[in-house]
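So the structure is just underneath, and the comments pick up after that.
The values are calculated or read from the model by the stated rules, or taken from the named source; none is laboratory data. Note that the coordinates shown come from a computational prediction; the quantities given were computed from them, not determined experimentally. So basically every Cβ, Gly included, is an ideal-geometry build from the backbone, and we count neighbours across all protein chains shown.
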Amino acid sequence: MRFILFCFGGAALGWQVLWALHLGLALGASARGVALTVGTAMAGMTLGAFLGSALVKRFSRLSPILLYGAIELVVALGALLPGLSESWIMSADSRIYRISPLLATPFSLVALALTLAPACVAMGATLPVMGTLARATGTPLSRLYAFNTAGAAVGTIIVAFLLLPWLGLKGSSLALFLIQATLCAACFFIASAGRNRDQSDGRGVEEKGVATGIPPLSHRRDLLLVFLSGFAAFLLEVTWFRALRAAWFSTSDSAAVMLCCFLLALAIGAAIAPAWRRHGFSLSIAFAGAAILTLIANQLIARFDLIETFQAKGLWRQISRLLAGLLVLGPPVALLGIILPSILDRRDRPGEWAALYATNTLGSVLGANLAAWMLLEWVGPLASGWIAAALLAAGAWVSTTSPTLKTATCLAFAAVLAPLLWFDRHEPTRVKGASRFVTGGFETIAQRHGPDASISVIAHEGGRVLVINGFATAGESHGDSDARFRYMDSMGRLPMLLHPDPRNALVICFGTGQTAHAVRDENPARLDLVDLNAAVFELGDLFDTNHHVLDDPRVRAIVMDGRAWLRRSEEPYDVITLEPMPPFFSGTNALYSVEFYRLARERLQSGGLAAQWFPLHLMTPEQAASIAAAFTAVFPDSILWLDPDSRAGNGLADQGILIGRKPDNTTSGAPLGETWPGFLRAPLTGTRRLTADQTRRQIALSPAGLQRFAAGAAPVTDTNQLLEFGTSPYRNPDYDLFESIRRIHERIEAAREDTPLSFPE
């Protein structure tokens, strides 16, 4: 039975990983939107706990294993709803946005919550039934809870590293459904064979208490303690995950390792709860220990970006992260994990289990949303961790009546906090991960902790850099010393120059604004800028190279996920250009997929052009071919352009741009790149980085050549998630940056016919 509970726990978290992907596609990559929807789902689990209590009483003569299997079957069937309803929700969201923009997001949140509700309510109902299983087998409920939570931790890894890479989104959903259906059949078989059947009626079961070594606290105090533990745990989860994203990059495998660490620690806490009680340890000690260890872990996690081992390649990359996570965040989270299972063990009625579980879940919802909506933005990740530690210290105070223990807790907490506050006085303004991209000294010019990312601007000898969650996304250079970011001008200028009369343009992902300025410099009548993070617009004036593009009355800044804007808006564009985060980052697959390019094509007018960043240094040759395959599937008339100033250490170009054109029946049908009508127009500033001849010579692949380059590669789609869960450059222990770039260039050369490719001296 424990193995079955373990597997069911893995399936439950597996579903939540898949749901997160569906939420990202339906809502866009918004932390607040996801936090609200997940909070609503957890509220469904709260309701389910009370429903489970009622079911236990209503079917008291039914075998608990049979009842558990029936509820899990409802989970499996309900878990399919978010994927099945995703297209309808996105379509309805778009229609509602065009009628009333303020109502679109609330509608989608409610619709998504309703699709999650059946499975989440059923998940919540399993806990009271698990309690009856524990009594029927003479096992502490905390032990079964531990197996279920440990399964959740393993399930996260299996889905992220095996199912999604091998089967994609739809295949993983089918696999999880079949696994759960098999487990449900096993439950029915065990019940029919008479194994693990509860032979007593409901009254008899309620009379079976679980022996404890400590006297029970009042029910009201128990509710307060489980609320505090859930609140602090999820506040820490959101806070620490933000800090770890800056240290480990915002990739799907990093997120899976983070979640696995957290769940394993909770499972360990639940597993040791019976021994904790047997040896007479109080919950106040667990709270106090968690508070003090949280202070220490908070400081260590804030400095994980300084540890080079975490940037290793291959399997050791994830093993080192998993071990470090368990060693640092594991102890305080394990102590937190003792609290709910311990209190559940000393209660023996389904109604009490339901109330405790529901209260803990309510605390989790509030803690996660407080962090996502307020604390991270107001005080930052480090101070948010201190607040969580203070709440745990308050839990230690509440959970004991001993004045000595209360005094000792306060003194110990203050003794640890005071030196950390002094030592950490400069840490809140330190830019995580900056040392990986900037050699020598640098100065933090500005820093913002938004709901979706921590964003900073740093100044160094060569210029300024925009850092988002520990990754240098964009920047500007002084003089000719650094050419890394010059390609951004071409990201905006090239599609404008290829169009005979570009009037309306869209830039997705503002960054430092250099691309936006290049588009504006070619004199469109209107320019829309879309970015998920409002902070990048706030910090735009810190970069001179955008020439104050945001102050232009023709320019409109829109804070929204770029894909959501394309889906919701009916604005027609002549040019769409975008430079999202690296292809292997979490959530970015949605901006390189066939479905995304179709949305872009729908918004383009006849003859309109789309330009997509093509970073050769941030993808494998296989990923490069898959991105090209997705792009050419939607834009057959497309070219690959390589920047002349962006070269890797081996001298090969490492920055490319895919440019595709929507068919225009009014033109002569000349291949894209043959003519550049924009060069007949004068730019607003009177300067362009490249001449017409230099620009033409940088076309690496013609439309026919790009088709050959992509031949045989599977195009990136929302379903296969090739970039986010496929072969990341850093998962291969033999990955070599320069060798990978060389192989991409070899594939380019093999696909070329007579396309000129030379670099001006």
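Yes/no per residue for (1) over 22 Å from residue 428 (Cα atoms); (2) under 22 Å from the mean Cα position of the chain (by Cα); (3) modelled with pLDDT of 95 or more:
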{"position": "303", "(1), (2), (3)": "no, yes, no"}
{"position": "311", "(1), (2), (3)": "yes, yes, no"}
{"position": "314", "(1), (2), (3)": "yes, yes, no"}
{"position": "318", "(1), (2), (3)": "yes, yes, no"}
{"position": "322", "(1), (2), (3)": "yes, yes, no"}
{"position": "327", "(1), (2), (3)": "yes, no, yes"}
{"position": "333", "(1), (2), (3)": "yes, yes, yes"}
{"position": "337", "(1), (2), (3)": "yes, no, yes"}
{"position": "340", "(1), (2), (3)": "yes, no, yes"}
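Quick check, is residue 114 modelled with pLDDT under 90, crowded, with 18+ Cβ neighbours inside 10 Å and in a helix (DSSP H, G or I)? Against the criterion (modelled with pLDDT under 90, crowded, with 18+ Cβ neighbours inside 10 Å and in a helix (DSSP H, G or I)), residue 114 does not qualify.
Residues that are under 20 Å from residue 696 (Cα atoms) and polar (S, T, N, Q) within region 605-631 comprise just one, 612. Within region 610-632, one or more residues are of a type outside the set (S, T, N, Q), more than 18 Å from residue 711 (Cβ to Cβ), touching a Phe, Trp or Tyr at 6+ places or on another chain (Cβ under 7 Å) and buried (at least 24 other Cβ atoms within 10 Å of the Cβ).
Condition test on residue 380, is it in contact with a strand residue (DSSP E or B) (Cβ under 7 Å, 6 or more places away or on another chain), in contact (Cβ under 8 Å) with a residue 40 or more places away in the chain and on the phi > 0 side of the Ramachandran plot?
Here the answer is yes, as residue 380 does meet what is asked.
Residue count for region 296-322, restricted to those that are among the aliphatic types (A, V, I, L, M) and either surrounded by 22 or more Cβ atoms within 10 Å (Cβ to Cβ) or not in a helix (DSSP H, G or I) (or both): 5.
Any idea which of 636, 582, 644, 663 is assigned to a loop (DSSP other than H, G, I, E, B) and modelled with pLDDT of 95 or more? Every option except 636 fails the conditions. Screening residue 589 on (1) among the polar types (S, T, N, Q); (2) touching a strand residue (DSSP E or B) at 6+ places or on another chain (Cβ under 7 Å); (3) surrounded by 24 or more Cβ atoms within 10 Å (Cβ to Cβ) shows it passes everything except condition (2).
Checked against the criterion of being in contact with a Phe, Trp or Tyr (Cβ under 7 Å, 6 or more places away or on another chain), assigned by TED's automatic domain parsing to the domain that holds residue 611 and closer than 22 Å to residue 483 by Cβ, the candidates 655, 694 yield just one match: 655. Considering region 668-688 alone, what residues qualify as being in contact with a Ser or Thr (Cβ under 7 Å, 6 or more places away or on another chain) and either surrounded by 14 or more Cβ atoms within 10 Å (Cβ to Cβ) or among the charged types (D, E, K, R) (or both)? If the condition is that a residue be in contact with a Ser or Thr (Cβ under 7 Å, 6 or more places away or on another chain) and either surrounded by 14 or more Cβ atoms within 10 Å (Cβ to Cβ) or among the charged types (D, E, K, R) (or both), then 672, 673, 676 are the ones that fit.
Here is a yes/no grid of residues against (1) in contact (Cβ under 8 Å) with a residue 40 or more places away in the chain; (2) assigned to a strand (DSSP E or B); (3) under 32 Å from the mean Cα position of the chain (by Cα); (4) farther than 30 Å from residue 586 by Cβ:
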residue	(1), (2), (3), (4)
617	yes, no, yes, no
623	yes, no, yes, no
626	yes, no, yes, no
629	yes, no, yes, no
657	yes, yes, yes, no
678	yes, no, no, yes
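Kindly evaluate residue 515 against the criterion of being surrounded by 23 or more Cβ atoms within 10 Å (Cβ to Cβ) and in contact (Cβ under 8 Å) with a residue 40 or more places away in the chain. Answer is yes for this residue. Would you confirm whether or not region 674-694 contains a residue that is in contact with a strand residue (DSSP E or B) (Cβ under 6 Å, 6 or more places away or on another chain) and closer than 30 Å to residue 743 by Cα? Scanning region 674-694, I find no residue that is in contact with a strand residue (DSSP E or B) (Cβ under 6 Å, 6 or more places away or on another chain) and closer than 30 Å to residue 743 by Cα, so the answer is no.
One residue stands out among those in region 46-102 that are crowded, with 18+ Cβ neighbours inside 10 Å and charged (D, E, K, R): the one that is farthest from residue 9 (Cα to Cα), which is 93.
The requirement of being touching a residue at least 40 places away in the same chain (Cβ under 8 Å), touching a helix residue (DSSP H, G or I) at 6+ places or on another chain (Cβ under 9 Å) and either over 22 Å from residue 511 (Cβ atoms) or hydroxyl-bearing (Ser, Thr, Tyr) (or both) is fulfilled nowhere in region 438-452; no residue meets it. Residues in region 335-344 include none that are farther than 24 Å from residue 279 by Cβ, assigned by TED's automatic domain parsing to the domain that holds residue 258 and among the hydroxyl-bearing types (Ser, Thr, Tyr). Going by the structure shown, is residue 177 touching a residue at least 24 places away in the same chain (Cβ under 8 Å), over 22 Å from the mean Cα position of the chain (by Cα) and closer than 24 Å to residue 274 by Cβ? When the stated conditions are applied, residue 177 does not pass them.
Every residue, every condition in (1) within 30 Å of residue 733 (Cα to Cα); (2) touching a His at 6+ places or on another chain (Cβ under 6 Å), yes or no:
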| position | (1), (2) |
| --- | --- |
| 554 | no, no |
| 560 | no, no |
| 568 | no, no |
| 589 | yes, no |
| 596 | no, no |
| 600 | no, no |
| 609 | no, yes |
| 620 | yes, no |
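The condition of being more than 27 Å from residue 471 (Cα to Cα), modelled with pLDDT of 95 or more and surrounded by fewer than 24 Cβ atoms within 10 Å (Cβ to Cβ) does not hold for residue 287.
Can you spot a residue in region 575-588 that is farther than 23 Å from residue 449 by Cα and out of contact with any helix residue (DSSP H, G or I) (no Cβ under 7 Å at 6 or more places or on another chain)? No, there is no match, as no residue in region 575-588 is farther than 23 Å from residue 449 by Cα and out of contact with any helix residue (DSSP H, G or I) (no Cβ under 7 Å at 6 or more places or on another chain). Inspection of region 495-512 identifies at least one residue that is of a type in the set (A, V, I, L, M), in a helix (DSSP H, G or I), over 28 Å from residue 242 (Cβ atoms) and in contact with a Leu (Cβ under 7 Å, 6 or more places away or on another chain).
Could you grab the pairs with beta carbons closer than 6 Å, sequence gap of 6+ or different chains, first residue in region 577-604 and over 15 Å from residue 659 (Cα atoms), second one surrounded by fewer than 24 Cβ atoms within 10 Å (Cβ to Cβ) and small (Gly, Ala, Ser)? That search, which allows pairs on different chains as well, returns 586/255; 587/24.
Selection within region 709-738: residues that are buried (at least 19 other Cβ atoms within 10 Å of the Cβ) and among the charged types (D, E, K, R). The member of this set that is nearest to the chain's Cα centre (by Cα) is 724.
Within region 400-424, residues that are within 14 Å of residue 295 (Cα to Cα) reach partners that are of a type in the set (Val, Ile, Thr) and surrounded by fewer than 17 Cβ atoms within 10 Å (Cβ to Cβ) with beta carbons closer than 9 Å, at six or more positions or on different chains, in the pairs 416/296; 420/296. Only one of the numbered conditions (1) surrounded by fewer than 20 Cβ atoms within 10 Å (Cβ to Cβ); (2) in contact with an Asp or Glu (Cβ under 7 Å, 6 or more places away or on another chain); (3) part of a helix (DSSP H, G or I) is violated by residue 374, and that is (2).
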